[in-house]
1. Take VAL11 and tell me if it is β-branched (Val, Ile, Thr), modelled with pLDDT of 95 or more, surrounded by 15 or more Cβ atoms within 10 Å (Cβ to Cβ) and in contact with a Cys (Cβ under 6 Å, 6 or more places away or on another chain).
2. Applying the selection to the stretch 8-22, what residues are touching a helix residue (DSSP H, G or I) at 6+ places or on another chain (Cβ under 9 Å) and either among the hydrophobic types (A, V, I, L, M, F, W, C) or more than 11 Å from THR53 (Cβ to Cβ) (or both)?
3. From (1) touching a strand residue (DSSP E or B) at 6+ places or on another chain (Cβ under 6 Å); (2) assigned to a loop (DSSP other than H, G, I, E, B); (3) of a type in the set (Asp, Glu), pick out the condition that doesn't hold for ASP60.
4. Within the stretch 34-61, work out how many residues are surrounded by 12 or more Cβ atoms within 10 Å (Cβ to Cβ), more than 11 Å from the chain's Cα centre (by Cα) and not aromatic (Phe, Trp, Tyr).
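The values are calculated or read from the model by the stated rules, or taken from the named source; none is laboratory data. Since the model is a prediction, treat every value here as computed from it, not as a measurement. When we count neighbours, we look across all protein chains shown, and the Cβ atoms used for this are built from the backbone with ideal geometry, even at glycine.
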Amino acid sequence: MANIFKTGDLVQLKSGGPAMTVDELSTTTRYRCVWFKGASREQGVFSEDSLQTYVPLRIDD
């Protein structure tokens, strides 16, 4: 089965949170993602089922 996301994709947890960049495919269903919290670089491994494509909020003028 093919991966839904690829390295460099912007994703977000389905439950919310910051935009994250897929840094590495750990397995076919797990992804290592990185993001910034202030100036600190954070990282974590997330299951494919917990992620969605990041869509920035659009504010109309």
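1. On the way: β-branched (Val, Ile, Thr): yes; modelled with pLDDT of 95 or more: yes; surrounded by 15 or more Cβ atoms within 10 Å (Cβ to Cβ): yes; in contact with a Cys (Cβ under 6 Å, 6 or more places away or on another chain): no.
Against the criterion (β-branched (Val, Ile, Thr), modelled with pLDDT of 95 or more, surrounded by 15 or more Cβ atoms within 10 Å (Cβ to Cβ) and in contact with a Cys (Cβ under 6 Å, 6 or more places away or on another chain)), VAL11 does not qualify.
2. So in the stretch 8-22, the residues touching a helix residue (DSSP H, G or I) at 6+ places or on another chain (Cβ under 9 Å) come out as 13-15.
Across the stretch 8-22, the qualifying residues are LEU13, SER15.
3. (1)
4. Qualifying residue count for the region: 1.
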